[in-house]
Amino acid sequence: MRTQVGIIGAGPAGLMLSLLLHRAGFSSVIIETRSRAYVEARVRAGVIEHWAAGLLDELGVGARMRKEGLVHEGIEIGINGERRRIDFKSLVNKDIVVYGQHEVVKDLIQARLSQGGGIEFDVSGTQVDRLDSDQPIIRFKKNGESHEIACDFIAGCDGFHGVCRPTIPAGVLTEFERVYPFGWLGILSESPPPSHELIYSYHDRGFGLYSMRAPNITRAYLQCDPEEDAKKWSDEEVWAELKRRLGPDGEKILKTGRVFEKGVTAMRSFVVEPMQFGRLFLAGDAAHIVPPTGAKGMNLAIADVLFFARAIEAFYKSKSTALLDGYTKKCLSRIWKAQRFSYFMTTMLHLNPKDGNFDRRRQLAELDYVTSSKAASTALAENYVGLPVD
Ligand code: RFL
Ligand code: PHB
């Protein structure tokens, strides 16, 4: 098999890249270890930045998001029960769309398959080779048979635990990392959320986030120990804690319902530099992880592949390698700003067990400041809706 761009991973990064390349007239093949059913059901992100929603429209895959997604013009920040609103519309004249990542993935897969595009699900033994030549190779097995794809370029869109990053020879990459001493216990339930917008709640018992997937489906998170076993939390305990962390009116405004998903996610910030080696280019979670408090992970993945697709187009259309050579620099300038914002949101809103009473007061001052100063709330809004991708 031969293709222009071989893509490892059918997450948001790999799938978006295949559509961007198709629009520009270039061939690609995606290989994915999981089944189509698995990737279409994997519950993850929920917030689509303003420009990313526009890109889905542009690519002709935004129709269901526009019908079923929920447009939000702001968020609420709870400070020990007192809620204050940050109004994106009046501050930066932009909004975001709340629409599950797995729904985006479904829409992208359907679009790609209807273009006749290649996605090989259920592969095993993925290897990337000859990365420093101009014909890198992907090897994999499917149904017991070995396959090889000769590529002009390989896009490593295989997430944090993929094979592409570890294949890059030792000494090439520098890693930057921070691991946080807390995680999120997340639930999905058949019940309406407490507000039509997201509530990020700082509380003396720990952070709580009240999101949604539909008007009658709540997605909520509780700060917990990163090693916590989700099974140890009964549904009753989860609801009681979610109500407490919402504040005095929690009992009244948080409706309970059947919990149909429960899991714990640890939190880290991670970046590798550079994001390329020879003809292998890393994109999305393969190159960086953000803690979910800023809702940036999926959006960063989409921004990376947008920059990569532009670079590929310049290479084939004008034989210029300038954008490919500048890929790392272009991506990192935006990634580090998203890292900064995700770190800011995370440390402002969570209780760090190592912190003392000084830090609690500092957090409360920060929360008061970002919700009362127009300059500070504009900065939060500008980052939340998404920085430019020009
Ligand atoms: P993905 O989605 O992990 O996809 C990588 C794909 O590669 C496959 N793969 C392989 N395929 C072939 N061969 C191999 N050797 C392979 N190894 C792996 C995997 O099976 C998988 O299908 O990475 P991608 O595309 O870079 O996308 C990144 C996003 O998924 C991630 O950043 C977000 O989900 C993060 N995130 C959020 N992002 C947002 O933008 N907004 C949010 O509101 C948001 N909330 C969240 C989140 C992540 C969370 N968790 C569970 C980590 C909330 C949570 C709780
Ligand atoms: C979600 O709805 O899953 C969600 C929303 C906002 C975040 C993280 C996750 O910051």
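Here are the numbers for the structure shown:
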quantity: Selection count, region 30-72, where residues are of a type in the set (Asp, Glu) and surrounded by 18 or more Cβ atoms within 10 Å (Cβ to Cβ); calculated: 2
quantity: From Lys317, Lys252, residue being outside any strand (DSSP E or B) and farther than 24 Å from Val5 by Cα; calculated: Lys252
quantity: Number of the exception - Asp225 against (1) crowded, with 18+ Cβ neighbours inside 10 Å; (2) within 16 Å of ligand 1 (Cβ to nearest atom); calculated: (1)
quantity: Residue ID - farthest from Ala286 (Cα to Cα), chosen from residues in region 120-159 that are in a strand (DSSP E or B) and touching a helix residue (DSSP H, G or I) at 6+ places or on another chain (Cβ under 6 Å); calculated: Val128
quantity: Selection from region 371-383 of residues that are touching a strand residue (DSSP E or B) at 6+ places or on another chain (Cβ under 9 Å) and within 16 Å of Ala295 (Cβ to Cβ); calculated: Leu380, Ala381
quantity: Residue tally, condition surrounded by 24 or more Cβ atoms within 10 Å (Cβ to Cβ), not in a strand (DSSP E or B) and not aliphatic (A, V, I, L, M), over region 271-293; calculated: 4
quantity: Scan of region 283-306 for residues that are of a type outside the set (Gly, Ala, Ser) and either within 11 Å of Ile335 (Cβ to Cβ) or within 14 Å of ligand 2 (Cβ to nearest atom) (or both), ordered by number; calculated: His288, Ile289, Val290, Pro291, Pro292, Thr293, Lys296, Met298, Asn299, Leu300, Asp304
quantity: Selection status of Phe182, closer than 30 Å to Gly247 by Cβ, crowded, with 18+ Cβ neighbours inside 10 Å and not basic (Lys, Arg); calculated: yes
quantity: Some residue of region 62-76 being away from ligand 2 (no atom under 16 Å from the Cβ), without any contact (Cβ under 8 Å) to a residue 40 or more places away in the chain, touching a strand residue (DSSP E or B) at 6+ places or on another chain (Cβ under 8 Å) and part of a strand (DSSP E or B); calculated: no
quantity: Filter result for the condition that a residue is out of contact with any helix residue (DSSP H, G or I) (no Cβ under 7 Å at 6 or more places or on another chain) and hydrophobic (A, V, I, L, M, F, W, C), over Ala240, Ala220; calculated: Ala240
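Every number here is computed from the coordinates shown, using simple stated rules; none is lab data. Here the structure is a predicted model, which is why all the values come from computation and not from measurement. Here Cβ is always computed from backbone atoms with ideal geometry, including for glycine, and neighbour counts include all displayed protein chains.
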